[in-house]
Amino acid sequence: MRIKFLSLIASFFVVSLVVTSCLGENDPIEYSSDTTIRVFELDTVYGVNYKFTIDQLKGEIYNIDSMPVHSDTIIDKILISKLSIASGVVSIKSYDGLRDSLIDISKDSLDFRNTVNKPLKLTIWAPDMLTKKDYKISVRVHKHDPDSLKWSYLGTMANSQITGEQKSVILNGNIYTYSVVSGTLKVYKTSLNIGSSWVANNVSGLTALPTSLINFQNSLYATSNEKVFTSNDGITWVVAPEFGNDADLLLAPFKTDIAYTKVEGTKRFFYTKDQGKREEVPSTFPVKNLSFTNYQTATGIASILLVGESKESTSVGENEKETTTVPWGFDGSHWVSFEPNNTTTNCPELKNPSIIYYNKQFYIFGSKFESFYTSKSPIAWTKANKKFSFPYRDWTAQGISPNPDPNKDPEFRGRVNYSMVLDTNTQYIWIMFSKGTATFTEEIKKKDDKGETGTVTETRTYTHEDEVWRGRLNQLWFNLHK
């Protein structure tokens, strides 16, 4: 029970003087001047007990691990479950700073919302009733849901020049995006620290958009017209002599080697730059719009997981009517397909698919941007939860323009031409879009002429510029800044 205006403290002080004056000279009583808080703890939040740090020099108490984003509904009225002091009394300063109140920690709940900006002030009065010490308590709460992707719009890339296919790669802290503009292959470059300002250059040595593009040992490698080209600056390209003139498609870098395919007569074979010929490439292997990610298996083996578009689709389910995106793995010796055996755990066939290993899980998405598909193993795939998703707008809202404002009403669904890179240092997922018109359908609840509500399918069409976006899982931002 709170006792206001500290009248009780004054009475304690008077009583202590009376008791002391009644004692004889040979029976002195010394009251402790200890005002130290040794233990501080709040009730659990969502069943979790959060540890608090006590900085005795600064008189500050705070939790290092922030509480979940929705904890405000709990900490607006929460008990201090543990407060260890020598003895004495505890008072709290009102939010307006005009008065103090004594508190009973076993009964009085306190409001710890917004204490990061305006800490709650506790005063510990020592048993001698003369010594006191102030502590400022800050309860840290995440501003964003740690399980959600946070996306940022960084502007346009090339003043709406890019309208067709594109490919992107990271080299020496920069993003290089390639596309054919007005019949000329161009490269657009920006720093990973910026993203809102791009520099354009005409490409020398390559005339068409590469069929594959990778970074290997701080140099770029690309395939075009069954030749491998290399570049140190992303602008000037020359034929890579170590591959000769007959490499068909670069697949992925692997440790100190590069995996690729090579056409011999009517057949295609797996190769690596150092080890040479491996085995024949099956007809279901991806040969277009490749995307790969490096990872370690549960047994610690360095591996590659690759997706793309193949000449022959893979079907699953009853009567094999549903086509699927099949990841392929490489451990340095063999390529293996991870085909699903049913329709409930497969990743649907995607155009221009992208794959990343992110927060200890695999994620795949592709053109149309309907959803992420995720898996902890390369075989069983499910739709990612709604928190891990792309920006989308509510098209049923009133008074909105048909073409979304990326700052106010972001929308990815229905888009086709894009490229993606993952910055493993900051965990940012970068997506670059070409200018275009996007179309998609969605099911919504709608009332008919009779006022009855039913489900209808509506088509959405809108235009968008050549936009640049980056997104990151909030939890990974928290981990980077611990």
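FYI, it's all coordinate maths here, none of it is from the lab. Because the structure is predicted, anything quoted here is derived from the model rather than measured. Cβ atoms come from the backbone with ideal geometry, glycine included; neighbour counts cover every protein chain shown.
Within the stretch 166-281, how many Lys pairs that are eight or more residues apart, or on different chains, come under 13 Å at the alpha-carbon? Can you show the working numbers first?
Working: Lys167/Lys186; Lys167/Lys189; Lys227/Lys262; Lys255/Lys273; Lys262/Lys273; Lys262/Lys277; Lys267/Lys277.
Lysine pairs, 8 or more places apart or on different chains, close enough: 7.
Which aspartates and glutamates does Lys82 reach when only Cα atoms under 12 Å apart count, and residues fewer than 8 places away in its own chain are ignored?
The reachable aspartates and glutamates, counting only those whose Cα sits under 12 Å from Lys82, are Glu41, Asp43, Asp104.
Taking every DSSP beta bridge that has both residues in the chain, what percent is antiparallel when rounded to the nearest 5?
Details: 126 of 131 bridges.
Antiparallel: roughly 95 percent of the beta bridges in the chain.
Which of the three applies to the stretch 179-258, rounded, prolate or oblate, going by the alpha-carbon gyration tensor with a ≥ b ≥ c and a/c under 1.5 meaning rounded? Walk me through the numbers before you get to the answer.
Values: a/c = 2.25, a/b = 1.35, b/c = 1.67.
Oblate is the answer for the stretch 179-258, as a/c is 1.5 or above yet b/c matches or exceeds a/b.
Of the listed values (i) 2.59; (ii) 1.37; (iii) 1.16, grab the one calculated as Cα Rg over 2.2 N^0.38 Å from the structure here.
(ii)
Based on Cβ point charges of +1 for Lys and Arg and -1 for Asp and Glu, what charge dipole magnitude is obtained for the stretch 166-281 about its Cα centre, in debye rounded to the nearest 20? Kindly include the intermediate steps, with their values, before the conclusion.
Values: 11 positive and 10 negative charges, 45 e Å.
My answer is approximately 220 debye.
I want to check the label-to-label distance for Leu171 and Glu242. Put each point 7 Å from Cα in the C-beta direction and report it in nm to one decimal.
Reported label-point gap for Leu171 and Glu242 is 1.5 nm.
How about Lys132: which lysines have a C-alpha closer than 16 Å to its C-alpha, ignoring those fewer than 8 places off in the same chain?
The qualifying lysines are Lys58, Lys93, Lys121.
Setting aside same-chain residues fewer than 8 positions from Lys351, which aspartates and glutamates have a Cα under 13 Å from its Cα?
Glu165, Glu309, Glu370
Put +1 on the Cβ of each Lys and Arg and -1 on the Cβ of each Asp and Glu in the chain; which of Trp395, Thr211, Thr453 then has its Cα farthest toward the positive end of the dipole?
It is Trp395.
Counting Lys and Arg as +1 and Asp and Glu as -1, what is the net charge of the other residues whose Cβ lies under 10 Å from the Cβ of Arg113? Show your work: numbers first, answer last.
Values: positive: Lys77, Lys118; negative: Asp72, Asp76, Asp111.
It works out to a net charge of -1.
Sort the stretch 49-119 into rounded, prolate or oblate with this rule: let a ≥ b ≥ c be the square roots of the eigenvalues of the Cα gyration tensor; rounded if a/c is under 1.5, and if a/c is not under 1.5, prolate when a/b is larger than b/c, oblate otherwise.
Details: a/c = 1.40, a/b = 1.22, b/c = 1.14.
Taking the square roots of the gyration eigenvalues as a ≥ b ≥ c, the stretch 49-119 is rounded.
Mean residue ellipticity at 222 nm from the helices of the chain, using -39,500 (n - 2.57) per DSSP H segment of n ≥ 4 over the full residue count, to the nearest 500 deg cm²/dmol?
On the way: 3 runs with 27 residues, N = 482.
When only DSSP H runs of four or more count, the value is -1500 deg cm²/dmol.
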